[in-house]
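FYI, it's all coordinate maths here, none of it is from the lab. The structure displayed is predicted, hence computed values, not measured ones. Every residue, glycine as well, gets a Cβ built from its backbone with ideal geometry; the counts of neighbours run over all protein chains shown.
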Ligand code: SF4
């Protein structure tokens, strides 16, 4: 038995460069069940992060009772991580699921029926539309619905209601991924593939704690590290994550300085001639501007600004500049920081100036956070136009009008789509008075929660919430609609490397809960939305109807799904788009021919200035039409907007832990995961803790200019001067929907500020102070694994030395990690699992005999 809570990535299956990642099928079944007890296995894929691991759901007596990885799937080769194993099915099969609609009567939410609830929604919607028009309506959705559901919502919002106020919580996690790809390549869509891990010589992880956020992808990296020809690893992260532990170069940059570092790395490439001049000439534009912008950023200048060693900057640049095949990945450390798009575009630029795209081992993965974020962006439920069309290109808008058979002026395209932060601002001001929130929990996940709660509580704002549980946000709703969960409905979704999976319905939803698609279609029907012939706008009768409609919408666009049918997705692996007559088996890597979708008639955007967000505009773009060449966008570095000062001397950053996903609506209902990370904590460096006379487990107050939170301290391996708090923790599991005098949510502290291009909120730069409130009674409730492990009190063995020892003899088990030697073909996780006992460290970077920091 392998405890997959303590042993997050499972046993190693080493492989060398260019070899196939071995299959290892992970499986878990409910306590006491064996495989023979399972009635049937139903094909799906995991929706607890963006990795998109193929899996089968175990069903017995009409209930989900477990899950196993699909060995045939190109994404995971059978593996599943702790969240997929424990939370996917246990996270939805709970007694506290919403089973009936709720409506607010005399200030209280009371159970109702669908007709009553929907008539309330429709009458309020019709009244607002009649009295004040479509700009009264805002739709705020998720990164966790299915493609068909997003597409229905996009059509309803754009062609039914006619509002530009549509966005998803993808704005909070992956808007910058989309923005950076649009800016550089002309269109959203991941150039690289997970398979590039198998082929690369060097792997750069920019603000991407892959070890905790995409555990199966990290297992693939660990298997490359454990095999021959291991890739060199460069990690950019202020915390000593497991990525950093395994890195050859760890650049623990000061939060808010990513762009300075990136400018320095590119300058080094130019300076040393580590560039592919003929590729630059043939396939890019704007190189002179890029050279000029990066020119001041010598390694010493980078070191001074970012707080890292100039030699480490040089070494990282040398690895990038001299490796034959480089894969880069990025996530929230870049996306949720200041100048997010500018820094992320520089990742693209590193690859473009070296011509490292479209070949095995050479790729960029501008990661997503959520499982179906990609579909939201493709379908346009987030404010983009469906099919990666350009809202500023009249012919693209006309194509959609033709597809939906509506007048072109119905589709809002007179101004940029409204992003989430602005939608909530309009609700605050009162111009939006009807806000429909589906499958997301802004009362925990958005910045500056005190303000968000005030907005949601406004008496003149009608709030509809559609979700599985009575979340902190649902508690503010006027109407709550119970939604069916993963495994209770059918639909498709697409992961980071564009691989499309079909998730089949395995069991019925509880009570009267309905799929999100059915809810949207019902709203459209009741509202009487129609096309220009007077026929219903949406006539779909099943998810597959919606999928076929989407295929028509995607035809000829970069995300072409026309070759991927439900039938093709059944039985085998997921398939990466584009898949059409030209690419009948899908497409592993984009841009192999050096042609980019930047042509003015085809591109998804005309671009923005990276410093200000000012639109470049059609006229200027056409005047310098890159016509198929990538654009080397460059942005001048400016310091963050809320630097530490005397009153707030520390830099606050929120983030993720391996055991939870988003606001824990599912993962906290998996007992194994909840035991591993039951409550919020505050990570402080040893130096800061000593200076403030704070010790492991002490209760502290963290204050910013916007709020306060109180939690126990983990003295950890984090850059001095910074404070980290996981963002997952709200209030629902304490029976509250708001702090009520006991604030513990990280976003009580964060800033209402966003990147000028992607409009992604800046969650990772805020000034705070920390004060001790009470002595602790034991260690903080933080995991003892991964980046949240306690700080080392003694000497830390050099990671590279430890790795070298293991590399010399990979079959030798680490004395602290006996499972490193296990190489079973199938890993069966026992239930109930448990986290490692406190005081031990399965993360195994502790020197023998080291202890927890003591007071
Ligand atoms: S890596 Fe992500 S998609 Fe895969 S099992 Fe874990 S949570 Fe699910």
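The calculated P(r) of the stretch 391-548, using every Cα pair and 10 Å bins from 0, goes 9, 27, 36, 26, 2 in percent. The ranking of 621, 659, 637, 279 by Cβ neighbour count inside 10 Å, starting from the fewest, reads 279, 621, 637, 659. Can you tell me how the chain classifies by the Cα gyration tensor, rounded, prolate or oblate, using a/c under 1.5 as the rounded cut? Here the chain falls in the rounded category.
Taking every DSSP beta bridge with both residues inside the chain, roughly what % is antiparallel (nearest 5)?
Values: 49 of 98 bridges.
Close to 50 percent.
For the peptides 360-369, 250-259, 698-707, the ranking by mean Cβ contacts within 10 Å, running from highest to lowest, is 360-369, 250-259, 698-707. Full extension of the chain between residue 687 and residue 324 gives 126.7 nm of extra length, using 0.36 nm per residue less the Cα-Cα distance. Per-residue ellipticity at 222 nm computed for the chain from its helices equals -7500 deg cm²/dmol, with DSSP H segments shorter than 4 residues left out and the rest contributing -39,500 (n - 2.57). Across the stretch 580-598, the residues whose backbone nitrogen lies under 20 Å from the label position 7 Å along the beta-carbon direction of residue 567 are 580-586. The length gained by stretching the chain between residue 646 and residue 622 to full extension, at 0.36 nm per residue less their Cα-Cα distance, is 3.7 nm. Each 10 Å bin from zero up to the one holding the largest Cα-Cα distance in the stretch 503-547 carries the following percent of pairs: 24, 47, 23, 6. Compactness of the stretch 582-651, taken as the C-alpha radius of gyration over 2.2 N^0.38 Å, stands at 1.72. Each principal axis of the stretch 615-716 carries a Cα extent, and these read 61, 42, 24 Å when sorted largest first.
Compactness ratio for the stretch 543-596: Cα radius of gyration over 2.2 N^0.38 Å (N = residue count) comes to 1.16. Shown for 440, 418: other C-beta atoms within 10 Å of each C-beta, ranked fewest to most, produce the order 418, 440. Remark: 736, 68 ranked as 736, 68, counting other beta-carbon atoms within 10 Å and listing the fewest first. Packing-based ranking of 778-784, 108-114 yields 778-784, 108-114, ordered from highest to lowest mean Cβ neighbour count within 10 Å. With an a/c value of 1.5 or above and a/b not larger than b/c for the gyration tensor axes a ≥ b ≥ c computed over the alpha-carbon atoms, the stretch 65-189 is described as oblate. Relative contact order of the stretch 132-271, taken over Cα pairs closer than 8 Å and 6 or more residues apart, is 15 percent. According to the square roots a ≥ b ≥ c of the eigenvalues of the Cα gyration tensor, what is the shape class of the stretch 501-624, taking rounded for a/c under 1.5, prolate for a/b larger than b/c otherwise, and oblate for the remainder? The shape class here is oblate.
Taking every pair of alpha-carbon atoms in the stretch 410-466, give the share separated by more than 19 Å as a whole percent. In whole percent, the long-distance tail amounts to 28.
Note on the stretch 716-755: the C-alpha convex hull projects to 4.5 nm² when averaged across all orientations.
At the listed q of 0.15, 0.16 Å⁻¹, the Debye profile of the stretch 1-77, built from one uniform point per Cα, gives log10 I(q)/I(0) equal to -0.60, -0.67.
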